[in-house]
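The values are calculated or read from the model by the stated rules, or taken from the named source; none is laboratory data. Note that this is a predicted model, so its numbers are computed, not measured. Glycine gets a Cβ as well: all are built from the backbone with ideal geometry, and neighbour counts include every protein chain shown.
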Amino acid sequence: MMKWILMILCFIHHLTFAQGVSIDDFTYGANITIDEKSNLYQFVIPEFVYENGANSRLSDLKIFNSAQKSVPFQIKPGKEILQNKSLSFHPIYVREKDSDLIQLQATYDSEGEITSLGAKEDRQSSIPVAYVFSMVKYRGQHAYELELNWDLDKKQWASWGCLFESDDLVSWQSVAGGCEILAQDKNTSAFNRTVPFHQISMKYALLRFEQPEKGFKLTSAMLHLAPPQPPVMAWKELEPTHVKNQQEFYYETEGVMPVSELNIIVSSDNKLMEAEIFSRASTEASWVRQFSGFFYRFLRQHQALSNSARIFNDNAAPYWLVRFKQQLPDGFDMPKLKIAWQPGTIIFAPEGNQPFKLVFGNPGLSDGVTSDRPTFIAENSASYAVMAQLGDIYKMPKIESISTKKDRILSIVLWLLGMVVVGSLLFLWLRSLKRAIAGDINLD
């Protein structure tokens, strides 16, 4: 008997609370305008949604039509997968006093790849001051950066490395923004191993060390290619929320942005500062180390050069910590934390009539799904999703709709009926139990 009572209670709970969410259960809304006739529409998720979403998956988001019925939608992440390409390279050896870009002679295979490389003049030595990379296969493509791995005995080391391009290994031109301080600290595992390289326009690239005596033995090189259409990035600068001992700086993103690039903006010139970066998901969680690196701002030929952003996997942690190896001096401007993410895209099917409305801001849906009927979207994926216009975001008025009132009345009626049924069963069970005790009857 008790088993049946429990089953009925579970059934009543399901009927009462599984009525689904309505448009009035959300905090924020925005009207969606569509102009052309299409099976699918899309729009980019604005920053305000990330700042007020329940989590980085934005599982508290829905789209309703004019009848306040939800329509099929799917969130497409903005993050593009990087293509990592291993590069062949050739070291260039010259005497330490030779700091100019030397002319090179090479032999090639049928595809234009370098098979051997040397200097036109006999200026060989044991110190590599430059490396040449073949970019024949990737000419005309977009990239993020050139990643280097080296074998170096020195525990602490830093040197400027600059990129140049050429089609003939004779005439070289500098790569815009292609200078970076390469550095390492074996004691703290901090390193800078990447050089920005955004547009590959020529067949060959040359990495040259400004200080020839600080050359190294390169063990491998990787080119991080970008998609054909580079993604649009959203950037946000954060001021420290509090500081500890002029060495630890704490930041809050105030949102659930899937951070994929991060940089520390320092305002003091001609300083190379080492720091560790940590993040955590909540104030109660432990700090998790993300990476260590070197950050700087240098003036070179009347031009301010600073370190490039660090690229890593999406991290939606709202709390960040920057811990410098040494205390910053008094009067030093507070470093800013600059974060970037690639906003996702919402694709939806226009079921029903306009106006369609995007709604979000419902903590109760934090464990929900990030799509409604994704199979419907997939079946129509061959159709081009036309761009829709998202209007201004506003706070939803707390007005109880007719459908909400009906659902509430239905829930109350079901609950009352359920209580009557459960009460009746409980009464019968207690009466049977009383008779069994009085008559010493075995109910089993």
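Taking the condition over 26 Å from VAL322 (Cβ atoms), touching a strand residue (DSSP E or B) at 6+ places or on another chain (Cβ under 9 Å) and not hydroxyl-bearing (Ser, Thr, Tyr), does LEU169 pass?
yes
Among the candidates GLN74, GLN105, GLN42, single out the residue that is at pLDDT below 90, in a strand (DSSP E or B) and surrounded by 15 or more Cβ atoms within 10 Å (Cβ to Cβ).
It is GLN74.
Taking the residues in the range 301-356 that are of a type in the set (A, V, I, L, M) and surrounded by fewer than 19 Cβ atoms within 10 Å (Cβ to Cβ) as candidates, determine which candidate is nearest to GLU284 (Cα to Cα).
By that ranking, first place goes to ALA316.
Filter the range 185-225 down to the residues that are part of a strand (DSSP E or B) and acidic (Asp, Glu) and list them by number.
Across the range 185-225, the qualifying residue is only ASP185.
Residues in the range 228-237: is at least one free of Cβ contacts under 8 Å to residues at least 24 places away in the same chain and out of contact with any Phe, Trp or Tyr (no Cβ under 6 Å at 6 or more places or on another chain)?
Yes, the range 228-237 contains a residue that is free of Cβ contacts under 8 Å to residues at least 24 places away in the same chain and out of contact with any Phe, Trp or Tyr (no Cβ under 6 Å at 6 or more places or on another chain).
For residues that are touching an Asp or Glu at 6+ places or on another chain (Cβ under 9 Å) and of a type in the set (Ser, Thr, Tyr), scanning just the range 145-183, find the one that is farthest from LEU206 (Cα to Cα).
SER159
Out of the residues in the range 166-178 that are part of a strand (DSSP E or B) and hydroxyl-bearing (Ser, Thr, Tyr), which is surrounded by the most Cβ atoms within 10 Å (Cβ to Cβ)?
Checking each candidate, the answer is SER166.
Any chance the range 169-183 includes a residue that's in contact with a helix residue (DSSP H, G or I) (Cβ under 7 Å, 6 or more places away or on another chain) and in contact (Cβ under 8 Å) with a residue 40 or more places away in the chain?
No, that holds for no residue.
Look at the range 281-297 and say how many of its residues are surrounded by fewer than 20 Cβ atoms within 10 Å (Cβ to Cβ) and in contact (Cβ under 8 Å) with a residue 40 or more places away in the chain.
Counting residues in the range 281-297 that are surrounded by fewer than 20 Cβ atoms within 10 Å (Cβ to Cβ) and in contact (Cβ under 8 Å) with a residue 40 or more places away in the chain gives 1.
Closer than 22 Å to LYS186 by Cβ, basic (Lys, Arg) and either at pLDDT below 90 or touching a Lys or Arg at 6+ places or on another chain (Cβ under 7 Å) (or both) - does that describe any residue in the range 312-335?
no
Quickly run through the range 182-218 and pick out the residues that are among the hydroxyl-bearing types (Ser, Thr, Tyr) and either under 29 Å from the mean Cα position of the chain (by Cα) or at pLDDT below 80 (or both).
Matches in the range 182-218: THR188, SER189, THR194, SER201.
For PRO240, which of the numbered conditions (1) surrounded by 19 or more Cβ atoms within 10 Å (Cβ to Cβ); (2) in a loop (DSSP other than H, G, I, E, B); (3) in contact with a Phe, Trp or Tyr (Cβ under 7 Å, 6 or more places away or on another chain) fails to hold?
Tallying (1) surrounded by 19 or more Cβ atoms within 10 Å (Cβ to Cβ); (2) in a loop (DSSP other than H, G, I, E, B); (3) in contact with a Phe, Trp or Tyr (Cβ under 7 Å, 6 or more places away or on another chain), PRO240 fails exactly one: (1).
For the list (1) in contact with a Cys (Cβ under 9 Å, 6 or more places away or on another chain); (2) surrounded by fewer than 12 Cβ atoms within 10 Å (Cβ to Cβ), I need the number of the one condition that LEU163 fails.
Checking LEU163 against (1) in contact with a Cys (Cβ under 9 Å, 6 or more places away or on another chain); (2) surrounded by fewer than 12 Cβ atoms within 10 Å (Cβ to Cβ), the one that fails is (2).
Assigned to a loop (DSSP other than H, G, I, E, B), touching a Phe, Trp or Tyr at 6+ places or on another chain (Cβ under 7 Å) and free of Cβ contacts under 8 Å to residues at least 60 places away in the same chain - does that describe any residue in the range 261-268?
For the range 261-268, residues assigned to a loop (DSSP other than H, G, I, E, B), touching a Phe, Trp or Tyr at 6+ places or on another chain (Cβ under 7 Å) and free of Cβ contacts under 8 Å to residues at least 60 places away in the same chain: absent.
Every residue in the range 157-182 that is closer than 13 Å to GLU210 by Cβ and of a type outside the set (Phe, Trp, Tyr), please.
Result: ALA158, SER159, GLY161, CYS162, LEU163, SER174, GLY178, CYS179, GLU180, ILE181, LEU182.
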